[in-house]
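This report refers to the structure that appears directly beneath it.
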There are 2 protein chains.
Amino acid sequence: MRDFLPDDVRRREYVVGVVRRVYERFGFEPIETPAVENIETLLGKYGEEGNQLIFKILKRGVHEGSGEADLALRYDLTVPLARVVAEHRAKLPRLFKRCQIQPVWRADRPARGRFREFYQCDVDTLGSTSPVVEAEQCAAVSEVLAELGFGDFRIRVNDRRLLTSMLAGAGVPAALHDGALVALDKLDRLGPDGVGAELEQRGVPPGARERLLAVHAEHGGGDSASGVAGALAALAAAGSRVADVTPAGVEARESLRVVLELTRDTAAAPRVAYDPFLARGLSYYTGAIMEINVPDLAGSLGGGGRYDNLVGMFSGDTVPACGFSLGLERILVVMEERGMFPASLPSAPADVMTAVFRPEDLGHALRLAHVLRQSGLRVLVYPDADKMGKQIKYASSRGIPCVAILGEDEIGRGEVTVKDLASGRQETLAERGAGAAVKAMLGEGRG
Amino acid sequence: MRDFLPDDVRRREYVVGVVRRVYERFGFEPIETPAVENIETLLGKYGEEGNQLIFKILKRGVHEGSGEADLALRYDLTVPLARVVAEHRAKLPRLFKRCQIQPVWRADRPARGRFREFYQCDVDTLGSTSPVVEAEQCAAVSEVLAELGFGDFRIRVNDRRLLTSMLAGAGVPAALHDGALVALDKLDRLGPDGVGAELEQRGVPPGARERLLAVHAEHGGGDSASGVAGALAALAAAGSRVADVTPAGVEARESLRVVLELTRDTAAAPRVAYDPFLARGLSYYTGAIMEINVPDLAGSLGGGGRYDNLVGMFSGDTVPACGFSLGLERILVVMEERGMFPASLPSAPADVMTAVFRPEDLGHALRLAHVLRQSGLRVLVYPDADKMGKQIKYASSRGIPCVAILGEDEIGRGEVTVKDLASGRQETLAERGAGAAVKAMLGEGRG
């Protein structure tokens, strides 16, 4: 887990600001949930591996010695949302679009763009089975990434039911489906041979293995070209080996087709691709699944899918739901490496610093700062009457563009000397004109 | 710990936005630290009671069964800051003003305005012993509260060294100082008699008890009138029983006098008061201490003080420091009860909702939404072709002011019907004019 110093925070907030603005443009409303959940809420929702990555909190007080945990740190934002919807149902609208940008914690091995504390930026729509939901979420995350300057991301889509249908068609016994999906999820990393070996290890019969890898070869080694047209063509070709095996497969292909069609006039249109092997790890997905990638990051920038049964695990009521999550740290690591942050991000702590020669003038500096702040300027009062050279050096080293110097003579005349550190130019003027003078200097610096 | 639904989040973000803007105007730079710290970092920093209120996290993996905790949830933002300063010293400026707005966790009994997860809004200045630091922090929090609409808060100030001096002067043995301070801290709640009884319980000799309560009576039963002049007068009167006992007491009175003088031309001027009994719980304070109260809340809205030795506990280097913390939940509970939130806070999920009669027109709705969003509007696409009455009822129940209706005929003509739900007025116009029409309706609604 990491500390974020001011420049880090400014970059993070810039990205979060874009995410938030776009999400709200799509009608997603913000909620927040506690960092800590009851441990039962989380256990059993993320698969066996997930259970082990949950940070567990000791019971307090006299129970502390028992070593028992009753609470746990939030592992994702989806399970807490399902709990919130079950718990606050009466206060929430029937159709509920929410966004949530908060940290989650996983006791995972850190890697590039992977940390034990990281922020998820989620949109979820509760209460609708319409394919508009999936299409809009693809559109929203596409607008986020486009606004941040990404031009090369792809959103691969698939449907959990198509995966099941494909596995059934290949002859993988139902009991081995989960394991087979874990293996197929590694096609990008291990290639067909590696995955074939893992399928064998997991007990998938040779014929089934061959048939699965034949689908892979048929689909040009994986996902389709990007863009609605290519995705639709590839999906249409997902015939006898993938969709046309079970009625659920046929239905899933049709619903995925409609999702893709609906993205046609959105920012997602050039981004979508069909990948018959996209599996996504989490066990709660029931329909469409999505994942965003860029070429220069091994993991994904985000992903999501439909999970129509999760709320029911908390309330008994079935509430259809679908969500998409962007990983803040993943986005940041790529933006950092590509140098994608705008040059206009502020990096100085203030627009102007006040400086005095004598300790007894510090009160005067505070008064001037008060006036300058009222005009909207960010002002740092240098707190000591150090040597003027030392004070100006501090301002300069911090990137503060102007210094307002209050000397004895200036104070006597109600004046102040405003110095532009970049040009070295300075002017002495009435204190009431200082704000305008600083703003003029800032304007020049920017121009 | 609580869930925050959209209206809660909007109120919280409004307050955080004001806090953040004011803090940055004063030159405080944002940092963020992890929710989780090594347990050794936190233990022993908050006193015995504090240790017990820390949420502790079980070791992971094979060590889980041991019941041992190696991590803990952040208990405040000050100790993590001291760790950050010790750890990242080389990357930080010599004079470092930072703000931090993040949650902390305490396993405390919940009460009005007190929760187990709550946000602190902190400003701290590292690297200066100047009284300008304290004065500016009082000014900054005063501007925050004034901007939020508080007109009746007071900032009581004192100095840890004056407390020590007063206790010594009263004849309290040094070993009983901590306990005596805990008792004196309850003067507001228990009154002189109750505190006298507690001092007796804690072993403070009768003569010392009498002398302490005599100081209380001398100071008019507690703190001075608000305002620099009153505070200075009361402080000057803190003579033979309080300051003039030890050289450190005399020095502390002088430095507190300068702090108060420096607030004279800031937003804190009418707010400050001197309270010889203000003690503050945390053990790391070394100099000035401050606390903000309003009449209708038993606890404080915030507080802080100088802690010149805390960074040294992590690095060996002494780094002078002083901080002020506002409690977000305390502020919110008072604002809620007093109805202080601006009427202009948004509460609808969108400015306009699209509605269609036929499922095959949903793609068209997504296209229109895309165009409207590009013009800056927040748009909710109703995801199903439900009966129009049901759709409009949904918009109305959510407070969405306009609906853009795409009927078969309208679509054929490239038109859309924009309906203002408040007035019931509607007009059918070319799709490209829809954004302007919606904005005109929003403008009227506001006017």
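The values are calculated or read from the model by the stated rules, or taken from the named source; none is laboratory data. Being a predicted model, the structure only gives us computed values, none of them experimental. Quick reminder, even Gly has a Cβ in these numbers, built from the backbone with ideal geometry, and neighbours come from all protein chains shown.
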### Query
Where residues in the range A:176-218 are within 31 Å of the chain's Cα centre (by Cα) and β-branched (Val, Ile, Thr), which of them is farthest from A:Glu49 (Cα to Cα)?
A:Val195
#### Entry: Selection within the range A:106-118 - in a strand (DSSP E or B) and either of a type in the set (D, E, K, R) or facing another protein chain (nearest Cβ under 10 Å) (or both)
A:Arg114, A:Glu117
### Query
What number of residues within the range B:348-389 are in contact with a Phe, Trp or Tyr (Cβ under 9 Å, 6 or more places away or on another chain), within 19 Å of A:Phe96 (Cβ to Cβ), more than 8 Å from chain A (Cβ to nearest Cβ) and surrounded by fewer than 24 Cβ atoms within 10 Å (Cβ to Cβ)?
1
### Query
Does the range B:119-130 hold any residues that are within 8 Å of another protein chain (Cβ to nearest Cβ) and outside any loop (DSSP other than H, G, I, E, B), and which are they?
B:Thr125
### Message
Given the criteria within 20 Å of B:Ala82 (Cβ to Cβ), within 12 Å of chain A (Cβ to nearest Cβ), within 23 Å of the chain's Cα centre (by Cα) and assigned to a strand (DSSP E or B), does B:Val133 qualify?
### Response
no
### Task
Mind listing whichever residues of the range A:246-299 are among the polar types (S, T, N, Q) and closer than 20 Å to A:Gly220 by Cα?
A:Asn293
### Message
Please determine whether any residue of the range A:138-157 is more than 22 Å from the chain's Cα centre (by Cα) and among the charged types (D, E, K, R).
### Response
no
#### Entry: Breaking point among (1) at pLDDT 95 or above; (2) away from chain B (no Cβ under 13 Å), for A:Thr263
(2)
### Members of the range A:378-417 found to be over 43 Å from the mean Cα position of the chain (by Cα) and of a type in the set (A, V, I, L, M, F, W, C), listed by number
A:Ala385, A:Met388, A:Ile405, A:Leu406, A:Ile411, A:Val416
### Query
Under the condition of being over 21 Å from the mean Cα position of the chain (by Cα) and of a type in the set (S, T, N, Q), which residue from the range B:24-81 is farthest from B:Asp124 (Cα to Cα)?
B:Ser66
### Query
Out of curiosity, is B:Arg271 of a type outside the set (Ser, Thr, Tyr), over 18 Å from A:Leu362 (Cβ atoms) and surrounded by fewer than 24 Cβ atoms within 10 Å (Cβ to Cβ)?
no
### Message
Just to be sure before I move on: is B:Ser142 hydroxyl-bearing (Ser, Thr, Tyr), within 14 Å of chain A (Cβ to nearest Cβ) and buried (at least 23 other Cβ atoms within 10 Å of the Cβ) in the structure I sent?
### Response
yes
### Message
I'm told B:Ile405 meets every condition in (1) within 13 Å of chain A (Cβ to nearest Cβ); (2) modelled with pLDDT of 95 or more except one. Can you identify the failing condition by its number?
### Response
(1)
## Note on the structure
Scanning the range B:109-128 for residues that are touching an Asp or Glu at 6+ places or on another chain (Cβ under 7 Å) and of a type in the set (S, T, N, Q), the one farthest from B:Arg20 (Cα to Cα) turns out to be B:Ser128
### Query
Which of the strands (runs of 3 or more DSSP E) contained wholly in the range B:1-105 include at least 3 residues that are more than 7 Å from chain A (Cβ to nearest Cβ) and touching a Phe, Trp or Tyr at 6+ places or on another chain (Cβ under 8 Å)?
B:69-73, B:96-105
### Selection from the range A:145-159 of residues that are part of a loop (DSSP other than H, G, I, E, B) and either touching a residue at least 12 places away in the same chain (Cβ under 8 Å) or within 14 Å of chain B (Cβ to nearest Cβ) (or both)
A:Gly149, A:Phe150, A:Asp152, A:Phe153
### Query
Got a number for residues in the range B:252-268 being surrounded by fewer than 21 Cβ atoms within 10 Å (Cβ to Cβ), assigned to a loop (DSSP other than H, G, I, E, B) and in contact (Cβ under 8 Å) with a residue 40 or more places away in the chain?
0
